[in-house]
Ligand code: UDP
């Protein structure tokens with residue numbers, strides 16, 4: 001099978017290409033990205049063909065490879081809440097406009113698309129567990145610009161679904177729920193305060209800056225270890241018995257639910273237990289901050305986000321295996337290893 005991954009140096013992309021190359025000797029991957037810092041040794045693998053470049057510029061390369069490949073994964077997107085409020089037009093342009101063009105080419109050349117939707121599409125849904133085919137997708141007012149990402153992804157989901165139900169496109173939409181793991185975000189991103197919460201907190205611990213609990217940290221997330229997420233994606237790509245055709249599938253770990261406040265406490269404990277930091281003279285304080293001050297007026301939080309994963313269980317025979325503390329420990333250890341020198 002030939003797979004095209006746009007955004008292959010991203011968090012999901014680089015973990016996926018490494019798993020494919022390790023486990024699927026007869027699969028070939030074609031990838032594009034702006035950078036290469038996460039991809040590592042895969043770059044030298046003869047079954048991986050990489051172009052360093054921008055998807056808004058290298059349109060001919062993309063069209064040629066859509067024609068050539070069997071499955072297309074357009075993973076290029078801005079996916080950090082700080083960016084939704086600071087640059088909503090940039091988010092719309094990249095996440096929606098660039099990607100809808102790729103989807104249209106998949107329609108034109110009759111290619112299967114495996115597309116990253118997001119748990120963010122459920123927004124402020126009040127269901128105790130979010131169901132792919134039943135839950136309402138709930139967003140706030142326009143002045144709360146945070147919702148632009150959710151809306152872009154929702155509209156893409158709807159466009160892809162409409163092509164699919166009319167027989168013009170074979171698709172699988174997957175919805176990651178707060179995946180974490182090695183190389184999630186860089187230290188530089190965290191220095192600007194625009195990392196996702198787990199890497200932001202680990203970076204604060206390393207930099208000896210306060211950990212900020214936005215609005216007290218009572219919001220909850222279900223953190224999913226990336227290796228579990230990638231296992232589900234591999235099954236979606238394999239698509240045995242064509243079970244994933246035109247399906248939307250949550251990929252998350254409902255057992256790993258925790259509040260942001262609990263998260264801060266666990267990460268601080270893990271950091272204090274880490275052999276390189278047991279003897280530190282000071283540790284970050286955990287403080288509270290209002291959302292307006294931390295993110296700006298365009299932000300609005302999401303208080304619960306728990307997936308129902310019956311579809312992933314039944315269609316894929318998949319079950320997440322890695323518990324919360326282990327997922328956090330692995331992510332923290334790897335972040336410290338990657339950034340120890342840079343922090344000094
Ligand atoms: N958050 C926080 N402090 C930070 C960064 C994030 O309290 O320094 C909160 C944020 O308000 C949100 C949650 O952590 O409720 C998760 O944020 P993240 O950026 O990981 O993305 P989300 O899960 O909202 O997509």
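Taking Cα atoms, how many degrees apart are the long axis of helix 147-165 and the longest axis of the chain, rounded to 10 and kept between 0 and 90?
Relative to the chain, helix 147-165 is tipped by roughly 20 degrees.
Viscosity 1.567 mPa s, temperature 4 °C: what is the translational diffusion coefficient of the range 132-273 from Stokes-Einstein with a Kirkwood Rh over Cα pairs, rounded to a whole number of µm²/s? Provide the component values of the computation, followed by the final result.
Values: Rh = 17.6 Å.
Translational D for this selection: 74 µm²/s.
Only counting other Cβ atoms within 10 Å, I'd like 32, 73, 98 sorted with the fewest neighbours first. Let's see the in-between values first.
Details: 32 23, 73 29, 98 19.
Ascending Cβ contact count within 10 Å gives the list 98, 32, 73.
Under the 0.36 nm per residue contour assumption, what length would be gained going from the current alpha-carbon distance of residue 168 and residue 218 to full extension?
13.6 nm
Ignoring solvent entirely, what values of log10 I(q)/I(0) come out of the Debye formula for the chain at 0.07, 0.09, 0.10, 0.13 Å⁻¹ when each Cα is a single scatterer?
Taken in order of the listed q values, log10 I(q)/I(0) reads -0.28, -0.47, -0.59, -1.02.
What share of the DSSP beta bridges in the chain is antiparallel, in percent to the nearest 5? Could you put the intermediate results ahead of the total?
Values: 3 of 36 bridges.
Just about 10 percent of them are antiparallel.
Which values, in whole Å and largest first, are the semi-axes of the equivalent ellipsoid of the range 1-159 obtained as the square root of 5 times each eigenvalue of the Cα gyration tensor? Let's see the in-between values first.
Values: eigenvalues 167, 56, 51 Å².
Equivalent-ellipsoid dimensions as semi-axes: 29, 17, 16 Å.
Once a ≥ b ≥ c are taken as the square roots of the eigenvalues of the Cα gyration tensor of the range 30-123, is the result rounded (a/c under 1.5), prolate (a/b larger than b/c) or oblate (a/b not larger than b/c)?
Working: a/c = 1.83, a/b = 1.30, b/c = 1.40.
Oblate is the answer for the range 30-123, as a/c is 1.5 or above yet b/c matches or exceeds a/b.
Below 8 Å, C-alpha to C-alpha, sequence gap of six or more: please give me the relative contact order for the range 1-74 in percent. Show your work: numbers first, answer last.
Values: 120 pairs, mean separation 30.8, N = 74.
That works out to 42 percent.
Please list the three semi-axes, largest first and in whole Å, of the ellipsoid equivalent to the range 135-199, using sqrt of 5 times the eigenvalues of its alpha carbon gyration tensor. Working shown, then result.
On the way: eigenvalues 174, 64, 20 Å².
Semi-axes (√(5λ), whole Å): 29, 18, 10.
Simple spin-label model, 7 Å along Cα-to-Cβ: residue 89 to residue 2 in nm?
Simple spin-label model gives 3.9 nm for this pair.
What distance in nm separates the simple spin-label points at residue 104 and residue 338, each placed 7 Å from Cα in the Cβ direction?
The answer from the label model is 3.5 nm.
Specify the angular offset, from 0 to 90 degrees and rounded to the nearest 10, of the alpha carbon long axis of helix 324-343 from the longest principal axis of the alpha carbons in the chain.
80 degrees
Assuming a ≥ b ≥ c are the square roots of the Cα gyration tensor eigenvalues, decide whether the range 191-232 counts as rounded (a/c under 1.5), prolate (otherwise, with a/b larger than b/c) or oblate. It would help to have the intermediate numbers written out before the result.
Working: a/c = 2.95, a/b = 1.58, b/c = 1.87.
Oblate.
Give me Rg/Rg_expected for the range 233-344, where Rg uses Cα atoms only and Rg_expected = 2.2 N^0.38 Å with N residues. Provide the component values of the computation, followed by the final result.
Numbers: Rg = 19.0 Å, N = 112, 2.2 N^0.38 = 13.2 Å.
That ratio works out to 1.43.
Could you state the angle between the C-alpha long axis of helix 99-108 and the longest principal axis of the C-alpha atoms of the chain, as a value from 0 to 90 degrees rounded to the nearest 10?
Tilt relative to the chain: about 20 degrees.
Ranked by Cβ crowding within 10 angstrom, fewest neighbours first, how are 290, 259, 119 ordered? Please list the in-between numbers first.
On the way: 290 12, 259 17, 119 25.
Listed from fewest to most nearby Cβ atoms, that is 290, 259, 119.
Determine the shape class of the range 98-158: with a ≥ b ≥ c the square roots of the Cα gyration tensor eigenvalues, call it rounded for a/c under 1.5, and otherwise prolate if a/b is greater than b/c, oblate otherwise.
Working: a/c = 3.59, a/b = 1.65, b/c = 2.17.
Since a/c reaches 1.5 but b/c is at least a/b, the shape of the range 98-158 is classed as oblate.
For every helix of n ≥ 4 consecutive DSSP H residues, a contribution of -39,500 (n - 2.57) applies; sum these over the chain, divide by its total residues, and give [θ] at 222 nm rounded to the nearest 500 deg cm²/dmol. Numbers along the way, then the final one.
Working: 13 runs with 137 residues, N = 344.
Result for the chain, helices only: -12000 deg cm²/dmol.
Could you tell me how far the Cα centroid of the range 95-129 sits from the Cα centroid of the range 26-78, in Å?
18 Å
Would you please put 142-154, 99-111 in order of how densely packed they are, using the mean number of other Cβ atoms within 10 angstrom per residue and starting with the highest? Kindly include the intermediate steps, with their values, before the conclusion.
Values: 142-154: 20.6, 99-111: 17.4.
Put in order of decreasing packing, that is 142-154, 99-111.
Calculated FRET efficiency, residue 52 and residue 274, Cβ-Cβ r, R0 51 Å, to nearest 0.05? Display every interim value, and only then the final one.
Values: r = 35 Å, r/R0 = 0.68.
Calculated value: 0.90.
Between residue 240 and residue 326, what is the label-to-label distance in nm when each label sits 7 Å out along the Cα-to-Cβ direction?
Going from the residue 240 label point to the residue 326 one covers 2.2 nm.
Between residue 285 and residue 209, what length comes free when the chain is fully extended (0.36 nm per residue of separation minus the Cα-Cα distance, one decimal in nm)? If you can, show how the numbers build up before the last one.
Details: separation 76, 0.36 × 76 = 27.36 nm, distance 0.75 nm.
Extra length from residue 285 to residue 209 when fully extended: 26.6 nm.
Averaged over all directions, how much area does the convex hull of the C-alpha atoms of the range 1-85 cover when projected, in nm²? Could you put the intermediate results ahead of the total?
Numbers: hull surface 23.0 nm².
Here the figure is 5.8 nm², rounded to one decimal.
For the chain, modelled as a GNM with alpha-carbon contacts under 10 angstrom, which of 171, 271, 115 fluctuates the most?
Result for the chain, Cα springs under 10 Å: 271 fluctuates most.
Each reported figure results from applying straightforward, stated rules to the coordinates on display, with no laboratory input. None of the values given here were measured: they were computed from a predicted structure. Glycine also receives a Cβ, built like all others from the backbone with ideal geometry; neighbour counts cover every protein chain displayed.
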